[in-house]
Structure formats: structure tokens, C-alpha cells
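Student: Supplied in C-alpha cells, the structure appears directly below.
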Amino acid sequence: MAQSLESIPNNVDLSSDRRLQRALEQWQPNFLSWWNEVGPEGFQAHQIYLRTAISVETDGWAHFDYVRMPEYRWGIFLEPKSDRKIGFGDNLGRPVWEEVPGEHRNALRRIIVTQADTEPASVEQQRLLGKTCPSMYDLRNIFQVNVEEGRHLWAMVYLLHRYFGRDGREEADELLARRSGTGDKPRILNTFNEPIDDWLSFFMFAMFTDRDGKYQLAALAQSGFDPLARTTRFMLTEEAHHLFVGESGVDRVVQRCGELMAAGKDPRKEHAVPLEMIQKYINFWFSLSLDLFGGEVSSNAADFFAAGLKGRFREDTLEEHKAMGETYHLEVPEDGKLVEQEVPLRNAMNEVLRDEYVKDCQRAVDRWNKTLVRAGNTGLTLSLPHRRFHRAVGPCAGCFFDLEGRLISEAEFKAHEAEWLPTAEDRAYVKSLMHPVIERGKVASWIAPPAKGINGMPGDYEYVKPPEA
Ligand code: BYC
């Protein structure tokens, strides 16, 4: 049975806003049709041990129980209001906006729609993965991620319906009409049209692509448009689990491979993922996710910052908030060579955010390398490719770079491509490992068991119950 509008947990006083209620009442059945059509396939009637946010209080945002996914209570939560002032840009120090300022309406709608579009896209990308889960624990985790992406869509749709009138409603409808990977109505950002048809790709996506989400949401959490800032602040609390699923998922694949190698065994023969293949998947998903920050030099980013719509990571902890008169140093390809460029800092805001992201990704890679050592290996390491490698957005798009970021010819790139990026054979091999393991406490051959269970439960807890139970 589908949820009624009254049952939507919220802290936006939904019951007192008739116009908003009517708009959401119309949208909700379409959301559920979308969920049933392209949401997780094969498990809609199962009972999943899920976390639901029922309030913003400390004991309310992580309520655990068995739920059938179509009955999940997708709530609308904004962090409570505080006495915020605009924290950066030309409007620094002015009161935050409670309604959309006319001059920033288009930019804000565009940002919100772009953010919103990624949420259903990722659910669509992952819809078949339940059928090949490596354990019941992982099965539960992917569904947790999926329902929360659904809630993040609700969060953005609330903003569109509440603050953008008719065109907001139209945009909300379009969010359910686009489909990841389709030719005629693809999702907006490139990475969200990539197929995710094996679990190694899923863990990489949750590690690298969801992490772009963390940084974009953190930048929007600084926004002078207060409803957006308060919404994204709350979304960030959920995002942490998604990142954990990705980072620890890759870590467990590395651990399994590392343990086999330390025992003198060939991971391939043991139906695990060889280290060089893990590295190629890192190269692929990291480079694809770097594109999500936009071009290195962007007048859009400068305008968003100047207006006070999108800040830097933890802008509120920085000392200077105008970013005027400062420059950012870049190396970009021009006429077949790399040239140095000084650009106004505001125009480099995408790159400034990408810097923070790269540091965070490096931290995770360092952790995976420690796992290799702990498993008994010496001299084996994983690494991030240079940020110029394999880019499809920004000045490096259309040029060719090696893993160290050196400009090379297309012929050189092609000669090494199979060492650097997953080949069709690699993908076929990884896919060949994907057999469902859903017996309690068991895990697939290619991944180590989780270090601990969810919400203090044991690793072999019955996280997913069949429909008849
Ligand atoms: N693909 O000025 P530029 C998440 C377009 S993930 C395709 O360099 P800008 C999640 C761009 O639109 C976080 N097109 O870029 C993760 C522009 O087009 P126009 C999602 C791209 O505007 C996992 C042109 O290229 N949130 O939450 O500074 C699971 C020149 O662009 C791409 C957001 O993205 C691309 N990758 O920055 C679930 C936050 N990149 O104007 C969820 C909102 C650029 O020429 N979005 N283009 O037609 C933004 O702030 C900005 O739109 C971007 C782009 C940072 C994405």
C-alpha cells in the first residue's frame, strides 16, 4: 500500500499549506509509479531492515525497522532555522533569503534541478544490482542508499514545488521523465548515464560519485537561499552512510585480493578481483566523478559564488569570504602543450572544490593501502590517477594524458588504454563473479565480510526478509 500524504514525515508544516499539499499530492503517485518501474528490481515486496528519518532530532533521523520499499516514508526535512547571514560573495553579511530572489531565480532553479536529477538517476543505474548481491548485508545497504536517494529527490522536489511555482512543478515532473542512459531523455550530468551493472562499479560509484555529492551538498549548505542550505545540511547526515558503503565496499574487495596475494594465491583462480583490475576501476570512476565538478574555469561558478548561492567547502570556517583580488594557478593544455594560467579565484571555484574532493579520495586510497599491508603484503599500492587523466569536461577534455598527468598523443593513449582503464574483458570477468549470495552471514568469493553489522546488529542478522515472512 502506498503512503498517504498525511503520513509523510516532515518538519515543514505540510498540513497547513494547502497549495503545496495539492502539488505534492499530484506528484506523489507519479513518484511511486517511477519507483515501481525503475526502482530496485525483484525486491519491492521484501521486508528490508531500513533506516528512516522521522524527525530532525538526534533520536529521530535514524529510526530502524523492517519496511517494504514502496511503503518507505520519504520525508521532508530541513535543518531548523537559525540566525544565518549570507556567508560569502558580494552579498556577504546580508540576511539570508527565505524566498527566491527574482534575479537569482534561474540560477537557483538550475542548481536545484541538477542536484535533484542525480538522485533518481542513481536509483535507475543501480536497479538490477539486488539480483547479484555479494551478501544480505550488502543487499540491505544498497536498498538503504536507494531509498535515501529517493528521499533526496523528495527534498529537492519540495523546494521546486514550494518556491518555484508552475515552472518548479514542471521541473519536478521532468525529474521523473528523464531516464539514466537513454538517448532521447538522458540524465543531466554525464556520470549518471553510465551503466552500473556490477558491484565493483557500485562500490566505486558510492565511493567516488557519491563523494562528489558530499562536496556539492556541502557547497550548497552554505547557500544564501536558506531553504536550500537547510535542506542540504540535513541531506549530508544521510550521505555519510552512502560514502561508508562505497569506501568500505572497495576496502573489502582490496582486503580479499590482498589476503589471497599474501598467501601466494592468484586472485583470479580464487574468483576474486585482481589488484590491477581494482586499480583500473579506480582510474575510471575517479576520472568520471572529477567531471562532475564542472570546468576548471567557470563563469557559472564565479556567478554562483558572487551571488551567494554556492560557497566553498566549509566556507564558514574560512577567514576570507569575498575571494576578490586573488588568483588560482592552473596548468591547462593549449596548442599541444601544458601552459600555466592564473585565473581569478572566483572563476576557479569548481577547481577549489575539486581540490578538497581529491584530498578526501587520497585519504581513502591511503586506507586501502594500509589494508593491503595488514593483509601481509609489501610493495603493493593503489593510487589515484592525475586529475587530468581521462577527462570529458573542462580544458583537458579531448586531450590525452597519462596517469601522471603528462600530455601524450592519442596513439600513446590508445597503446596504454587497456592497462589504465577497464577493458571489455575486465568488465566481463568482474561480471562473471557476480552471483547472488543471500544466505545469512555468507559472502561472495570476491569480497571480505563486513567488519561489523548495521545499527549494532550482528553481521549475519536477517537484514532482508522474503515477502511471505
Ligand atoms: N556533465 O561552467 P561549467 C550527487 C555543463 S552528485 C554534463 O564548467 P558549472 C549524487 C554545465 O552544465 C552532486 N554537463 O560548469 C551522487 C554547463 O552547461 P551550459 C550533484 C556538464 O555550471 C551520487 C557547461 O557544461 N550536484 O548528489 O560551473 C548519487 C559548462 O559548465 C558537466 C550538483 O551537481 C557534466 N559533468 O558546474 C546520488 C550541484 N559539468 O551552461 C547523488 C549542482 C558541467 O553550457 N550543480 N557541465 O549549458 C552545479 O553546481 C553545477 O551544475 C556543476 C557544473 C558543478 C555540475
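The values are calculated or read from the model by the stated rules, or taken from the named source; none is laboratory data. If you're wondering where the values come from, they're calculated on a predicted model, not measured in any experiment. With ideal geometry, Cβ positions are generated from the backbone for all residues, glycine too; neighbour counts draw on all protein chains shown. Side chains included, ligands, DNA and RNA excluded: accessible areas come from the protein's heavy atoms. Shrake-Rupley method; radii C 1.70, N 1.55, O 1.52, S 1.80 Å.
Student: Among residues belonging to the stretch 84-117 that are away from the ligand (no atom under 16 Å from the Cβ) and part of a helix (DSSP H, G or I), point out the one that is farthest from residue 163 (Cα to Cα).
Tutor: Per the criteria, the residue is 103.
Student: If I filter the stretch 286-293 for residues that are under 30 Å from residue 372 (Cα atoms), more than 14 Å from the ligand (Cβ to nearest atom) and not hydrophobic (A, V, I, L, M, F, W, C), do I get at least one hit?
Tutor: Taking every residue of the stretch 286-293 in turn, none turns out to be under 30 Å from residue 372 (Cα atoms), more than 14 Å from the ligand (Cβ to nearest atom) and not hydrophobic (A, V, I, L, M, F, W, C).
Student: I'm checking my understanding of the structure. Among residues of the stretch 205-251 that are under 9 Å from the mean Cα position of the chain (by Cα) and aromatic (Phe, Trp, Tyr), which one is farthest from the ligand (Cβ to nearest atom)?
Tutor: So the first thing to find is which residues in the stretch 205-251 are under 9 Å from the mean Cα position of the chain (by Cα), and the list is 205-214, 239, 242-243.
Add one more test, that the residue is aromatic (Phe, Trp, Tyr), and what stays is 205, 208.
On the way: 205: 7, 208: 9 Å.
It comes out as 208.
Student: I'm trying to understand the selection: among the residues of the stretch 339-352, which are under 31 Å from the mean Cα position of the chain (by Cα) and either open to solvent by less than 80 Å² (accessible area, probe 1.4 Å) or among the hydrophobic types (A, V, I, L, M, F, W, C) (or both)?
Tutor: 341, 343, 344, 345, 346, 347, 348, 349, 350, 351, 352
Yes or no, residue by residue, for (1) modelled with pLDDT under 95; (2) in a helix (DSSP H, G or I):
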residue: 349; (1), (2): no, yes
residue: 355; (1), (2): no, yes
residue: 360; (1), (2): no, yes
residue: 367; (1), (2): no, yes
residue: 370; (1), (2): no, yes
residue: 378; (1), (2): yes, no
residue: 381; (1), (2): no, no
residue: 387; (1), (2): no, no
residue: 393; (1), (2): no, no
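Student: Given the stretch 124-216, what helices (runs of 4 or more DSSP H) lie entirely inside it while holding 3 or more residues that are open to solvent by 10 Å² or more (accessible area, probe 1.4 Å)? Spell out how you get there, then give the answer.
Tutor: On the way: elements: 136-163, 165-177, 199-204.
In the stretch 124-216, the matching helices (runs of 4 or more DSSP H) lie at 136-163, 165-177.
Student: Let me confirm something: among 151, 187, 140, which residue is within 22 Å of residue 241 (Cβ to Cβ), of a type in the set (Lys, Arg) and within 15 Å of the chain's Cα centre (by Cα)? Step through it out loud before you land on a result.
Tutor: Values: 187 fails: within 22 Å of residue 241 (Cβ to Cβ); 140 fails: within 15 Å of the chain's Cα centre (by Cα).
Being within 22 Å of residue 241 (Cβ to Cβ), of a type in the set (Lys, Arg) and within 15 Å of the chain's Cα centre (by Cα) holds for just one of 151, 187, 140, which is 151.
Student: Another question about this same structure. Considering only residues of the stretch 383-439 that are open to solvent by 50 Å² or more (accessible area, probe 1.4 Å) and of a type in the set (Asp, Glu), which is farthest from the chain's Cα centre (by Cα)?
Tutor: Taking the candidates together, the pick is 412.
Student: Could I ask something else about it? When you scan the stretch 451-463, how many residues do you find that are in contact with a Phe, Trp or Tyr (Cβ under 7 Å, 6 or more places away or on another chain) and surrounded by fewer than 17 Cβ atoms within 10 Å (Cβ to Cβ)?
Tutor: Residues in the stretch 451-463 being in contact with a Phe, Trp or Tyr (Cβ under 7 Å, 6 or more places away or on another chain) and surrounded by fewer than 17 Cβ atoms within 10 Å (Cβ to Cβ): 2 in total.
Student: For residue 120, state whether it is open to solvent by 20 Å² or more (accessible area, probe 1.4 Å), assigned to a helix (DSSP H, G or I), at negative phi and not aromatic (Phe, Trp, Tyr). Before the answer, list the steps.
Tutor: Values: open to solvent by 20 Å² or more (accessible area, probe 1.4 Å): no; assigned to a helix (DSSP H, G or I): yes; at negative phi: yes; not aromatic (Phe, Trp, Tyr): yes.
Criteria not met by residue 120.
Student: Is at least one residue of the stretch 339-356 more than 14 Å from the ligand (Cβ to nearest atom) and basic (Lys, Arg)?
Tutor: So far as the stretch 339-356 goes, no, none of its residues is more than 14 Å from the ligand (Cβ to nearest atom) and basic (Lys, Arg).
The rows are residues; the columns are (1) over 17 Å from residue 198 (Cα atoms); (2) in a loop (DSSP other than H, G, I, E, B).
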site: 419; (1), (2): yes, no
site: 428; (1), (2): no, no
site: 437; (1), (2): no, yes
site: 448; (1), (2): no, yes
site: 453; (1), (2): yes, yes
site: 467; (1), (2): yes, yes
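Student: Residues in the stretch 297-315: is at least one of a type outside the set (Asp, Glu), in contact (Cβ under 8 Å) with a residue 40 or more places away in the chain, more than 16 Å from the ligand (Cβ to nearest atom) and assigned to a helix (DSSP H, G or I)?
Tutor: No; the residues of the stretch 297-315 include none that is of a type outside the set (Asp, Glu), in contact (Cβ under 8 Å) with a residue 40 or more places away in the chain, more than 16 Å from the ligand (Cβ to nearest atom) and assigned to a helix (DSSP H, G or I).
Student: Further question: Which of the residues spanning the stretch 261-304 are open to solvent by less than 20 Å² (accessible area, probe 1.4 Å), among the acidic types (Asp, Glu) and farther than 19 Å from residue 420 by Cβ?
Tutor: Residue satisfying the conditions is 296 alone.
Student: Cβ contacts < 7 Å: first residue at positive phi and in contact (Cβ under 8 Å) with a residue 24 or more places away in the chain, restricted to the stretch 176-200; second residue crowded, with 16+ Cβ neighbours inside 10 Å and among the polar types (S, T, N, Q), any location; separation 6+ or different chain. Result?
Tutor: Sorted first by the residue in the stretch 176-200, then by its partner, the pairs are 181/193.
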